């Protein structure tokens with residue numbers, strides 16, 4: 001499914017970091033609170049968080065998580081894309097970076113792109129935006145000469161898992177526990193030679 005015509009997927013810039021981080025927090029809050037009407041119900045601090053970076057959203061996404069997201073997006077080794085509505089609102093983000101050993105803390109793994117933070121604002125779920133964002137990251141990884149792409153997702157995030165599988169990612173069988181103590185599974189995609 002193509003992203004709706006009122007949404008542009010474009011490379012992220014430093015001025016997009018805070019808005020993209022907020023979308024990640026809102027998507028995580030909705031994922032953890034399924035069935036809520038506005039996807040921030042019960043978590044007003046998420047929906048009211050400012051996007052100028054003066055304070056992080058609290059509640060289901062911790063301050064540490066907010067800061068880690070901002071740091072990753074601002075890191076010069078990270079490339080990211082945002083989905084921007086015609087009114088200028090950022091409604092999605094996805095990031096890529098070189099894969100590293102030791103859960104991202106070790107040495108670089110040659111040829112590996114690690115995809116992180118594929119997030120879409122819950123009000124925009126089901127409109128094809130996540131697929132467009134991930135496709136943009138995949139294309140950029142190929143342009144950078146990377147050969148494989150890995151990503152991790154929550155074991156119970158069936159919407160995300162279906163997207164990754166539609167785009168050609170395969171489960172590796174590897175599992176882990178995330179920093180938020182949730183079960184995650186690893187996916188891998190081999191990119192065609194350029």
Test: residue in the stretch 27-36 that is touching a strand residue (DSSP E or B) at 6+ places or on another chain (Cβ under 9 Å), surrounded by fewer than 20 Cβ atoms within 10 Å (Cβ to Cβ), outside any loop (DSSP other than H, G, I, E, B) and at pLDDT below 90: yes
The stretch 154-171 - residue that is part of a strand (DSSP E or B) and at pLDDT 95 or above and, of those, nearest to residue 143 (Cα to Cα): 170
Qualifying residue in the stretch 146-164 (condition: surrounded by fewer than 19 Cβ atoms within 10 Å (Cβ to Cβ) and on the phi > 0 side of the Ramachandran plot): no
Matching residues in the stretch 116-158 - criterion: being touching a helix residue (DSSP H, G or I) at 6+ places or on another chain (Cβ under 6 Å) and farther than 23 Å from residue 85 by Cβ: 149, 153
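The values are calculated or read from the model by the stated rules, or taken from the named source; none is laboratory data. On a predicted model such as this, the values are computed, not experimentally measured, just so you know. Here Cβ is always computed from backbone atoms with ideal geometry, including for glycine, and neighbour counts include all displayed protein chains.
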